[in-house]
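The values are calculated or read from the model by the stated rules, or taken from the named source; none is laboratory data. Predicted, not measured: the structure shown is a model, and the values here were computed from it. When we count neighbours, we look across all protein chains shown, and the Cβ atoms used for this are built from the backbone with ideal geometry, even at glycine. Just so you know, the surface numbers come from the protein's heavy atoms only, side chains and all, with ligands and any DNA or RNA stripped out. Shrake-Rupley method; radii C 1.70, N 1.55, O 1.52, S 1.80 Å.
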Amino acid sequence: MKIGKFCSIACGEKYLHHNLQLGGQPILFPSETLDKKEKLEDVCGYMNFWADAIIVRHRNMDVIRALARYSAVPIINAMTDRNHPCEIISDMYSLSKIREEFIKDKYLFCGESGNIGLSWKEAAGVLGFEFSQCCPQGYEMEGVQVYRDIKEAVKGKDVICTDSFPADKLGDFKNYQITKEIMDMANENAVLNPCPPFYRGEEVSEDVIDSDYFVGYQFKRFLLEVQQAIVIYCMLDERK
């Protein structure tokens, strides 16, 4: 298939690199492009003639939905405040490389209800794996089993995921740090997958990042290939 031009809106150099490696010609716009008074249907009216696909990183999920409604070319969600689908798809692919029955594993997310946790919840809904959350009161995701005690939460779990704690709420999460001692309480061969950027001394300890539980670096080796596959999938004529 022929890879053409991409409009990348506030996606950064990583996505430009993805596009260039596929033989595409990236065009980068800042996110402010979508925050003007101009209606999104009019923005799409122009971009439909400039690009073969549009990759968007914007806080507001409603903006992504509106673009998808008016765009004549594929819209790829590169991150919103509500979800981060491409990142989680990449993590699931990485898990499939090291765990034969990763769909049967039990997953624990430690952190607030945000785009990373909600994306893991969405993945659980699609793939059917067991998923729970550990967080202080007031940070829960709806429809998910919630633990308050991190030591109780990790028991029987295979995959522990984290997101960075809110900078202004670190006090609320002081008892929710994943340490090597905590990981020792999980199932045998359990793995720790913190979403980058992670912060040693906050959601994860120094010793757990230096342990064999941590798989974060190797997981991101597949990020480029998976996101390129998403671009190709979205542009396949056979899918339409």
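Annotations
- Each label point was placed 7 Å from the Cα along the Cα-to-Cβ direction; for Glu140 and Glu202 their separation is 2.5 nm.
- Options Phe198, Phe29, Ser119, ranked by Cα towards positive dipole end of the chain, top entry (Cβ charges): Phe29
- The structure-derived value of Cα Rg over 2.2 N^0.38 Å appears in the list (1) 1.16; (2) 1.09; (3) 0.96 under the label (2).
- Rounded to the nearest 20, the size of the Cβ-charge dipole of the chain about its Cα centre is 740 debye, with Lys and Arg at +1 and Asp and Glu at -1.
- A simple packing score, the average count of other Cβ atoms within 10 Å per residue, orders the peptides 85-95, 201-211 as 85-95, 201-211, with the highest score first.
- Surface composition of the chain: carbon and sulfur atoms hold 48% of the protein heavy-atom accessible area at a 1.4 Å probe.
- The packing ranking, built from the mean of other Cβ atoms within 10 Å per residue, places the peptides 50-58, 101-109 in the order 50-58, 101-109, highest first.
- Inter-probe distance in nm under a simple model that places probes 7 Å from Cα toward Cβ, at Asn175 and Ile232: 4.9 nm
- With contacts taken as Cα pairs under 8 Å at a separation of at least 6 residues, the chain carries a relative contact order of 16 percent.
- Estimated from helical segments only, the mean residue ellipticity of the chain at 222 nm is -10000 deg cm²/dmol, where each DSSP H run of four or more residues counts as -39500 (n - 2.57).
- Note on the stretch 52-100: dipole from Cβ charges, positive end direction compared against Cys86, Ser96, Val63; the farthest Cα belongs to Val63.
- Taken about its Cα centre, the stretch 137-178 carries a charge dipole of roughly 200 debye when the Cβ of each Lys and Arg holds +1 and the Cβ of each Asp and Glu holds -1.
- Shape analysis of the stretch 70-153 places it in the oblate category; the axes a ≥ b ≥ c from the Cα gyration tensor give an a/c of at least 1.5, with a/b not above b/c.
- Report note on the peptides 141-151, 115-125: ranked by the mean count of other C-beta atoms within 10 Å, highest first, their order is 115-125, 141-151.
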